[in-house]
Amino acid sequence: MISIPSSTTGASSAAPPRDAALMEAAQNLEAAFLAEMLQSAGLGKTSESFGGGAGEDQFGSFLIQEQAKHIVKGGGIGLAQSLFNALKEQNYDT
């Protein structure tokens with residue numbers, strides 16, 4: 001059996017802590033962006049026929065934020081990866 005080093009297969013070892021922090025920041029920014037888009041689309045609006053009230057209005061933003069985080073964990077829209085690549089490129093070039 002032939003063993004191929006991981007560097008030639010594209011598989012990488014654990015990301016450096018700096019890269020992990022950059023990716024986390026990029027994902028948080030994508031989640032914030034998606035939360036705003038979901039809210040603008042009317043996702044957090046309460047229905048008059050069910051529930052409603054002050055409590056639902058106050059905590060609806062938390063629900064939207066968590067939904068946005070799950071969208072990002074599921075692959076998102078690619079914004080986090082683009083931001084990560086740009087930040088990493090800028091960070092290492094200086």
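The values are calculated or read from the model by the stated rules, or taken from the named source; none is laboratory data. Because the structure is a prediction, the values reported are computed rather than measured. Cβ placement follows ideal geometry from the backbone for every residue including glycine, while neighbour counts extend to all protein chains displayed.
Residue-by-condition table, conditions (1) at pLDDT 85 or above; (2) within 13 Å of the chain's Cα centre (by Cα); (3) exposed (fewer than 14 other Cβ atoms within 10 Å of the Cβ):
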site	(1), (2), (3)
10	no, no, yes
22	yes, yes, no
29	yes, yes, no
40	yes, no, yes
43	no, no, no
50	no, no, yes
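Among the residues of segment 54-84, those that are surrounded by 14 or more Cβ atoms within 10 Å (Cβ to Cβ), of a type in the set (A, V, I, L, M, F, W, C) and modelled with pLDDT of 90 or more comprise 64, 68, 71, 72, 79, 80, 83, 84.
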